[in-house]
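First the structure, in the form of structure tokens, and then the observations on it.
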Amino acid sequence: EELYNDSQIKIDLIAERVLTLGGTPLHTFSDYIANNTLKIGKNISKDVDAIHLIIESIGVLLQIERIILEKSANINDEGTNSMMSDFIAEQEKTNWMLKAWMEEEI
């Protein structure tokens, strides 16, 4: 639930940033699904399987965020740069903690 709530906050922050820069953010569920690059989990009932999917998903998000960070740095977009840096630091820590939990469980 904590990760779900955090993702909702991040989606809102990204949408606000897109609007701030004069763009139009995605705003429908079908738009998000059409642009998704993450593996979708279905019928996952084992905790280890769920954590593995989360670790994998955060890894993909980190790759995307690093690309955005590089591009925003190249155009001196400090607002986007700061947002991506914050997301990356937080998600790296989350992944580290989840991987440590996985090591204990396996």
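The values are calculated or read from the model by the stated rules, or taken from the named source; none is laboratory data. Here the structure is a predicted model, which is why all the values come from computation and not from measurement. Quick reminder, even Gly has a Cβ in these numbers, built from the backbone with ideal geometry, and neighbours come from all protein chains shown. Accessible surface areas use protein heavy atoms only, side chains included; no ligands, DNA or RNA. Shrake-Rupley method; radii C 1.70, N 1.55, O 1.52, S 1.80 Å.
Given (1) in contact (Cβ under 8 Å) with a residue 40 or more places away in the chain; (2) over 28 Å from residue 103 (Cα atoms); (3) among the β-branched types (Val, Ile, Thr), where does residue 55 come up short, assuming only one miss?
Going through (1) in contact (Cβ under 8 Å) with a residue 40 or more places away in the chain; (2) over 28 Å from residue 103 (Cα atoms); (3) among the β-branched types (Val, Ile, Thr) one by one, residue 55 breaks only (2).
Only residues that are part of a loop (DSSP other than H, G, I, E, B), closer than 24 Å to residue 1 by Cα and open to solvent by less than 100 Å² (accessible area, probe 1.4 Å): list them for region 17-50, please.
Listed by number, the residues that qualify are 26, 28, 36, 37, 38, 41, 44.
Identify all residues within region 54-76 that are of a type outside the set (Val, Ile, Thr) and either in contact with an Asp or Glu (Cβ under 9 Å, 6 or more places away or on another chain) or surrounded by 16 or more Cβ atoms within 10 Å (Cβ to Cβ) (or both); write none if there are none.
Across region 54-76, the qualifying residues are 57, 61, 62, 65, 69, 71, 72.
If you check residue 2 against the conditions, is it surrounded by 11 or more Cβ atoms within 10 Å (Cβ to Cβ), out of contact with any Gly (no Cβ under 6 Å at 6 or more places or on another chain) and not hydroxyl-bearing (Ser, Thr, Tyr)?
no
Is it true that some residue in region 77-90 is at pLDDT below 95, exposed (fewer than 13 other Cβ atoms within 10 Å of the Cβ), part of a helix (DSSP H, G or I) and over 16 Å from the mean Cα position of the chain (by Cα)?
The answer is no, given that none of the residues of region 77-90 is at pLDDT below 95, exposed (fewer than 13 other Cβ atoms within 10 Å of the Cβ), part of a helix (DSSP H, G or I) and over 16 Å from the mean Cα position of the chain (by Cα).
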